[in-house]
Amino acid sequence: MKKIFILAFCFAVTLSAIAQKKELKKVAKLVKSDKLEEAFIALEAVKGLVEGTKYESQYHYLRGKRFLGKNENENHHSKALKEFNTVLDIETIARQDNFSEKAIESINSIYDFYLDKAIKSIRAQNFEASAQQYEKLSKLIPERRDVLRNALFSYRDAENYPKTIMMLEELLKKEQASNIYTAFNVHTKKMNEFFTKESMDKAVSLKTHMQPQETGYQENIRADVYYASLAGLYLKEKNKEKALEVLDSAKKEFPTKVNFFRDHAAIVYGMNDKNAYLKSLDEVLSLTPNDSQSWFNYGVVSQELGMTSKAIEAYDKTTIIDPGNRGAYINKALVILSKEQTIIDELNNSRGNSKKRNAAKDKMKEMYLAAIAAFEKANEIKEDPAIISNLILMYKEVGQTEKAKALE
């Protein structure tokens, strides 16, 4: 009785396999005849029977063909790709190659659907249409770096700045690896780039690619092309807050690239936040302490905020680095003279108190001598009637009459 049961069981398994094969052949004919709804119903009927059997990869291949259809329905490309990739996964694990080659052909036909359109659009100088095709393809194969970059460059060439911004932000999020991963596409005969080593290795294991390579990532692409371009585009779109956010991220990632700090400072200045601008300049100067222009700017803004000692210090730093900076000498003199009214008030309030009055007079003379020294430097670089007039008056105030006569 036991033997009869075993024989009956084996017979049932054999019949089941025959039924599966028969049903899948039927589905294949329906797919070929473009009777897709009937094919789908037939596939669903055998789904439970094929799982874990040698027919499983065929089931997913036919399911992919059903989604793809004769006319390659674009709306079903993602579903079709999922099925074809499942075929590759199943047969890679099982070390079979029954439907892998056909699945790869179908996958490549989907890729070509978009690539052909993109290339034709580029030839016609229709960069917007090209970008749209690359973007669609990128959503289907998000692991491919080169496809997303092509979408970026096409949108940039089309001057579609909102979309270019979107592509740049996506690339900044996805390009986190320290290397670039490339492999030779056996179908297109071109090198493809991947975001991760895992994606590249999988493509090689599925035999869609070969000759995998890892190369060092070029920091200047991320810094100068992505971050700098993104900040610039946000400014073009008049979104200073987003531009600052981008530059803040760039500063953290590239703490020695002074251009990001300078750009950040320039935007802050344009937003009329002078105290924040000085903080930004502090960061710039910590990286480039011999930047005379930044020291001069620091002096100007400190002067505007009434921070006289900081302004004078900044102008002194400027002229040490750049002795020919005439504006720094003139501004320093004006900062020094800004105390004049305060000292005049002290003189007026010191009547009857000779000690206070003499102290105020000493302050005035000291102030004029300091201003004279700065104006003299400016006038040595280039004579100016206005500066000469001021010098004559101050020479007389401090008792340097000979110098005054020489200029009159």
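The values are calculated or read from the model by the stated rules, or taken from the named source; none is laboratory data. Here the structure is a predicted model, which means the values were calculated and not measured. Glycine also receives a Cβ, built like all others from the backbone with ideal geometry; neighbour counts cover every protein chain displayed.
Cβ separations smaller than 8 Å between residues 6+ apart or across chains give the following pairs from region 108-128 residues that are of a type in the set (A, V, I, L, M, F, W, C) to residues that are assigned to a loop (DSSP other than H, G, I, E, B): 110/72; 113/72; 115/188; 127/158. Within region 350-391, the set of residues being more than 17 Å from residue 334 (Cβ to Cβ) and in a helix (DSSP H, G or I) comprises 354, 355, 356, 357, 358, 359, 360, 361, 362, 363, 365, 380. When residues in region 301-315 are screened for being surrounded by fewer than 16 Cβ atoms within 10 Å (Cβ to Cβ) and either polar (S, T, N, Q) or in a helix (DSSP H, G or I) (or both), 3 of them pass.
In the set (1) assigned to a helix (DSSP H, G or I); (2) surrounded by fewer than 21 Cβ atoms within 10 Å (Cβ to Cβ); (3) of a type in the set (Gly, Ala, Ser), the condition left unmet by residue 324 is number (1). Counting the residues of region 389-405 that are surrounded by 12 or more Cβ atoms within 10 Å (Cβ to Cβ) and either of a type in the set (Lys, Arg) or not assigned by TED's automatic domain parsing to the domain that holds residue 333 (or both) gives 2.
One residue alone among 98, 85, 75 is outside any helix (DSSP H, G or I) and either of a type outside the set (Asp, Glu) or free of Cβ contacts under 8 Å to residues at least 40 places away in the same chain (or both), and that residue is 98.
Residue-wise test of (1) in a helix (DSSP H, G or I); (2) surrounded by 14 or more Cβ atoms within 10 Å (Cβ to Cβ).
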residue: 148; (1), (2): yes, yes
residue: 168; (1), (2): yes, yes
residue: 173; (1), (2): yes, no
residue: 187; (1), (2): no, yes
residue: 191; (1), (2): no, no
residue: 225; (1), (2): yes, yes
residue: 233; (1), (2): yes, yes
residue: 241; (1), (2): yes, no
residue: 248; (1), (2): yes, no
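Look at (1) modelled with pLDDT of 95 or more; (2) over 12 Å from the mean Cα position of the chain (by Cα) and you find that residue 177 fails only one, number (1).
Here is a yes/no grid of residues against (1) free of Cβ contacts under 8 Å to residues at least 40 places away in the same chain; (2) among the basic types (Lys, Arg):
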site	(1), (2)
271	yes, no
278	yes, no
284	yes, no
290	yes, no
300	yes, no
309	yes, no
324	no, no
351	yes, yes
357	yes, yes
